[in-house]
Each structure stands twice: as structure tokens, then as C-alpha cells.
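The values are calculated or read from the model by the stated rules, or taken from the named source; none is laboratory data. Since this is a predicted model, take the numbers as computed values, not measurements. Here Cβ is always computed from backbone atoms with ideal geometry, including for glycine, and neighbour counts include all displayed protein chains.
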Amino acid sequence: MGPPTSVTHEAPKAKVTTGNVTAATMEELVERLVVAFDHVAANKGAPGPDRQSIDDVREHLDEILPKLADALLSGTYRPGMIRRVWIPKSGGGQRGLGIPNVIDRVVQEATRQVLEPLYEPTFHPSSHGFRPGRSCHTAIAEAVQYLEMGCEVVVDLDVEKFFDEVCHQRMLSRLAQRVSDSRILALVSLMLKAKVIMPDGVVVSTDEGVPQGGPLSPLLSNIVLDELDQELSQRGHHFVRYADDVNIYVRTERAGHRVMANVSRFIEKRLRLKVNQAKSAVARPEERHFLGFSLRVDSLASSVEVSLSKRSQDRIRRRIVELTPRNWGNSLRRCIQNLNAYLNGWFGFFGICTAEMERTLQTLDAHIRRRLRAIQVKHWKRKRTIARKLTQLGARIKTAWRCVYAGRKSLWTLSHDPVVDRGLRNAYFAERGLVSLAGLLRTKLSTIDAPVQLELQWG
């Protein structure tokens, strides 16, 4: 077992503000257009339905922004259609994203910038998605804290098609409680009702839902679900929410089923959303996955193991296959460079896993090296060359020739032959710069004094 995991969680209590807040005005929104464009440009992104790229807009920015400001102030601005694209979901199926035109993204970003200061201070501290100073890591850290407190049963709630079914009227009503400038409320209403052009060219009207993909949608989703956060808090529940992923932590299964029924009723009756009963469950934490991680309580060691979920393992394996095609035409070093860029970023997210994760990472490392061996052998092409290269790497001549010529071996089989393994050993790839995931974890753990601290740092 690795060192015990502890969590530091000193989150401020949520503040409650009543009455209208008049700070968000259209004039302030217009003043933020330049900064909003810079933010949109930094995030890059594909063109919307009008096919204008960020560079296209930047080239004529001095002409576009004054006209855009006039349209916003006069109330004549109308957002364009949103381009629908489909991306695969980790659990199967597809998720629809809406890509607005660049100019519309700028308006959304400016709107977010004037609205966020009104809502961010009052959002519940157990909400972690798309908020300054919070992340998946802080969400996992808070979940670990509740498990260490003895709340070892999780109520995993799946809000069905949340972004597609948000009630516009309810959303605008929530906004009107804080925003008194009717022009901003009308602007948000126009954004919500923007038509969507599907991949087949069909144009669809939107009477409900918040289109995913624009800069404003994460904030709007948090505004809607903050009502759920406050309700859970008033009921005294220990919970963690990241966007529409909600986990509630209780001590017994009996309590879990009671909470599941009561909270599901609140979501469906009060928020007018649907709970996907097939995907929701009351279970032990190791039986579920949360934000790509798997949590397991080790009662003997009095600790919580944070490891990679099965879905996350499958996802990284698929990505490794994509990055190491056997018909790779460039140099092995170039392939390793591409791999390293992905692996370093991947570890930056999943590197909070505890020491028990090392075996899984070692397996992934071995899989990566085998695929690289297949690429290297493929580059050597002829059997005669393969045998000669293996000899140069230390194999006996007869052994190398027997390895290559004995029977008809596929490239994948040959990549796992003991002779090839010994020739193209781990050091061969390390010398060419290949990152080791297990090595990254060992390095990280060696720099942290036990117990491992998964800290929540609140801004």
C-alpha cells in the first residue's frame, strides 16, 4: 500500500445575496468587447456557420467592433446560427456541441465577464466545474475528504441531457433576480434561442436547452444548478458537483436510496429536468467512476486510493493506438515527440492518483513500448536488415536470424518476441526521450512528504 491520502479542504461557506444587482449593464459589456476578443482568440476554436476564422475577424477588428458595439447598444444585434458537431462520449454515444460564429463567441464572452462577478461569490463551494480556482482535482479532493469522514456510500446522480433540456423561462427568471438591465436579459434570451444548423444542413429552432460549446454556457449551467447546490446544502448533505455530474456521500445504503428518491424528485419537479435512472445509482465509490477517476476506501490503511477509472484506461489506450500507427512514415523520434506531448498533458490531469496507480501506469508504459517496437521493426523493412539491427543491439547472430526467419510472424507478434524485447529494451526508448508514466508518478511521489496531500486551494 502507498502512503495514506489526506485532504485539506478549507472552503468558505456560500454567501446568499438577495435583490437585484445593477452592476451588469450593456455599457459595461460593450467596454469588454476588445478583452473578450483576446480571450476568444487565445482559446482558438473552429469557425462557426459563417466560416469566418479568428484570423479573418482579427484582420477587420477595427471595423467590426464599433459596429458590433452600436448594434448591442441599440438592441439591433442578432446572433447567427450555431453549427452543431458531434463528439464521442467516454461512456458511449455522442455529445452535441454548438459552435457559434466568432463574433457571437466574442459577445458571449463579454456577457460572461459582466455576469460572472455577480454570481461567482455566491456559488456553493462544493460546485467545482468551470469556476476560477476550482477544477476536477479540487472536486476529487473534496470527494476524498467525505470518504475519509466515513461517508462511504455514493449517490451518483445523472441528469439526463441537461444542456438540451434547461428551461429558458426558468433560466431568464433566475438571471432577472440579479440583473436589472433588460437589454442584457434580452441578449441572453436571443443567444439561448439561436437556431442550430445540423451536420446535414437542416436548421432547427431551439425552445429549450443551453448550447454547449460557447463561452457563456458553463456559467449559465452553474446558475441553473446552483439552486440544486443550495437545496442539498440546506438538507445537510455532503456533495460534490462538477457541471452536471453530482455525487452525494452518505454513510449507509438505506440513507442513499432515501436521498436518491428525494433529490430526484426535487430535480424533476422544481428544476424541470430529468434524472436518468438507468445511469444513476447508489453504490460503493469503487463501483462508480467520477471525472475519470476511481475512488476506493482502504479500511485497513485508513486511506482512500485514487486511481484511473476503467473508462479512462480504455480512452488512453485508444489514443496511444492513434498516435502510434504501424504505418508511421516519419522518424521514431518524431513519433516519440508526439507521444510525449500527449502523455505529459495526460499526466498533468491524472497525476493526482496515489501510489497504487503505479502498476496500471507500468502496464500502459509496456503497451506504448511494444507499439514503438512495432514501428521500429517496420522501419527496418527487410528481414535481413531486422536481423542485422538486432545483432548490432546485442543479439547473437543465429538467435537474431532465427527470430526473424522462423515461421511467419506478424509485425505485432514480432514486436513482442523476447529477442526484440531485449534488443529494443526500455533504455533504448528512454535514450530517445520517451516519457515513462510510471516514472513520472514515482518522481512526483518522491517529492511529496507522506501523507500525500490532495489540497483544495480556494482563491
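Taking the criterion of being part of a loop (DSSP other than H, G, I, E, B), surrounded by 14 or more Cβ atoms within 10 Å (Cβ to Cβ) and of a type in the set (D, E, K, R), the only residue of region 47-98 that qualifies is Asp50.
Taking every residue in region 42-56 that is free of Cβ contacts under 8 Å to residues at least 60 places away in the same chain and farther than 14 Å from Asp104 by Cβ and pairing it with any residue that is among the aromatic types (Phe, Trp, Tyr) and buried (at least 16 other Cβ atoms within 10 Å of the Cβ), at least 6 positions away or on another chain, yields no pair with a Cβ-Cβ distance below 6 Å.
Conditions (1) assigned to a loop (DSSP other than H, G, I, E, B); (2) closer than 30 Å to Gly433 by Cα; (3) at pLDDT below 90, marked per residue:
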{"residue": "Asn262", "(1), (2), (3)": "no, no, no"}
{"residue": "Val282", "(1), (2), (3)": "no, no, no"}
{"residue": "Glu286", "(1), (2), (3)": "no, no, no"}
{"residue": "Asp314", "(1), (2), (3)": "no, yes, no"}
{"residue": "Arg318", "(1), (2), (3)": "no, yes, no"}
{"residue": "Gly329", "(1), (2), (3)": "yes, yes, yes"}
{"residue": "Ile336", "(1), (2), (3)": "no, yes, no"}
{"residue": "Tyr342", "(1), (2), (3)": "no, yes, no"}
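When region 321-335 is filtered for residues that are free of Cβ contacts under 8 Å to residues at least 60 places away in the same chain and more than 17 Å from Ala430 (Cα to Cα), the ones remaining, listed by number, are Val321, Glu322, Leu323, Pro325, Asn327, Trp328, Gly329, Asn330.
Could we say that Gly433 is free of Cβ contacts under 8 Å to residues at least 24 places away in the same chain and either part of a loop (DSSP other than H, G, I, E, B) or more than 44 Å from the chain's Cα centre (by Cα) (or both) here?
On the way: free of Cβ contacts under 8 Å to residues at least 24 places away in the same chain: no; either part of a loop (DSSP other than H, G, I, E, B) or more than 44 Å from the chain's Cα centre (by Cα) (or both): yes.
It is false that Gly433 is free of Cβ contacts under 8 Å to residues at least 24 places away in the same chain and either part of a loop (DSSP other than H, G, I, E, B) or more than 44 Å from the chain's Cα centre (by Cα) (or both).
Among the numbered conditions (1) farther than 12 Å from Ser415 by Cβ; (2) aliphatic (A, V, I, L, M); (3) within 45 Å of the chain's Cα centre (by Cα), the only one that Ile397 does not meet is (3).
For region 148-189, a tally of residues being outside any loop (DSSP other than H, G, I, E, B), in contact with an Asp or Glu (Cβ under 7 Å, 6 or more places away or on another chain) and of a type in the set (A, V, I, L, M) returns 2.
Whether any residue in region 251-269 is surrounded by fewer than 18 Cβ atoms within 10 Å (Cβ to Cβ) and within 30 Å of Val106 (Cα to Cα) is what I want to check. Scanning region 251-269, I find no residue that is surrounded by fewer than 18 Cβ atoms within 10 Å (Cβ to Cβ) and within 30 Å of Val106 (Cα to Cα), so the answer is no. You will find that of Thr363, Thr399, Thr391, Thr354, the residue that is among the hydroxyl-bearing types (Ser, Thr, Tyr), in the same structural domain as Leu440 (by TED's automatic domain parsing) and crowded, with 19+ Cβ neighbours inside 10 Å is Thr354 and no other.
For region 204-234, the tally of residues that are of a type outside the set (A, V, I, L, M, F, W, C), touching a residue at least 24 places away in the same chain (Cβ under 8 Å) and in a helix (DSSP H, G or I) stands at 10. Considering every residue within region 225-241, establish whether at least one is surrounded by fewer than 15 Cβ atoms within 10 Å (Cβ to Cβ) and either in contact with a His (Cβ under 8 Å, 6 or more places away or on another chain) or among the β-branched types (Val, Ile, Thr) (or both). Among the residues of region 225-241, not one is surrounded by fewer than 15 Cβ atoms within 10 Å (Cβ to Cβ) and either in contact with a His (Cβ under 8 Å, 6 or more places away or on another chain) or among the β-branched types (Val, Ile, Thr) (or both), which makes the answer no.
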